[in-house]
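The values are calculated or read from the model by the stated rules, or taken from the named source; none is laboratory data. Note that the structure is a prediction, hence the values are computed from the model and not measured. Don't worry about glycine lacking a Cβ; one is built from the backbone with ideal geometry, like all the others, and counts go over all protein chains shown. Quick note on the areas: whole protein, heavy atoms, side chains included, nothing else; ligands and nucleic acids left out. Shrake-Rupley method; radii C 1.70, N 1.55, O 1.52, S 1.80 Å.
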Amino acid sequence: MACSTNGSNSTVQDRIFHAEAAPACKELVWLACNEELEVRSLLFAKGNVENDTCPCCGKYSETTMHALMQCEEAKCIWFGSPLGLRVELLHDITTVSEWIGECASFMDKKVLGMVCVIMWAVWEKRNVWVEQRKKLDFPEVMAKAHSMFFSDEWILPSYPHVKANFSASVKDSVGTAMGVVFRDFAGVPQACATNLMEKQCFEEGIASLYSHWNEVIRGKVNSDGFFLDSLLEDCKTMIRRTKSCLRLVGCGGNKVARFIASEAFVYGERVWTEEVMDEATQYVIADVLGPLSLEYSDFDSDSFHDF
Ligand SMILES: [Zn+2]
């Protein structure tokens, strides 16, 4: 393990793990900290490529630090990001693990999450260039980073996207209630819907469902009877057609959908267009206003599953 600055490896790993970023970003950062990212210098050392030159600038050896921090294109992204980081001022930092160790020692989980998503986006930009010979511009890189920010608050979708939040609530002996709300880039509701199924259809934990989803997306699934396989395949096809993506969000980022799902026990199957049900309006406003969020003590459902 290379991550040793400012505390033990486990502390740094723990802080990365709790950062507000999608799991893929945190995995990438941890790989980079341990010099396990497949940069050219690593592949060259293994004899898998003919040279270790950076594929982006063509000037230097592509070490992990170079690819993620020091390459000119990476520097521009860090500086243009909300962090406004000037990489050239990090004089004493020679490896990614040193820098992440430093970040983990003083940043809260939100800012550390931002570091993780930007680092992931830098690597994504590099990979799109290597694999597709396509140069992502700065807004495209930031849009990718934005989509991986995993906040416990609801985040507005970037223009011109619409965000759909889903939730399901299971009550023993009653069934599964589902809720969905669609909101635009200003947070204005476009529609919401409830549905109630008599049987319990979410036996699988949401985390295992989400990891299964990621396997479907990567084409790694060999359909071995997982009960939602065909549904997930349909979702994948649908999402490809609309250029959408699916993310797991924390409870705090899904309050409106959670409330609407709980109301499905009252409304059954119903659709509202260009609005949400009256009772949910206060939660929609709270999402847009941010930290003034309301408490949900009136929820009496047994469990929630959020997307
Ligand atoms: Zn370079």
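Values computed for the structure shown
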read-out: Residue count, the range 138-188 (criterion: open to solvent by 70 Å² or more (accessible area, probe 1.4 Å) and of a type in the set (S, T, N, Q)); value: 1
read-out: Residue check, Ser167 outside any loop (DSSP other than H, G, I, E, B) and either modelled with pLDDT under 85 or at negative phi (or both); value: yes
read-out: Failed item in (1) away from the ligand (no atom under 16 Å from the Cβ); (2) free of Cβ contacts under 8 Å to residues at least 60 places away in the same chain, with Ala67 passing the rest; value: (1)
read-out: Matching residues in the range 187-221 - criterion: being modelled with pLDDT of 90 or more and part of a loop (DSSP other than H, G, I, E, B); value: Gly187, Val188
read-out: Among (1) touching a residue at least 24 places away in the same chain (Cβ under 8 Å); (2) open to solvent by less than 50 Å² (accessible area, probe 1.4 Å) - the single one Cys57 does not satisfy; value: (1)
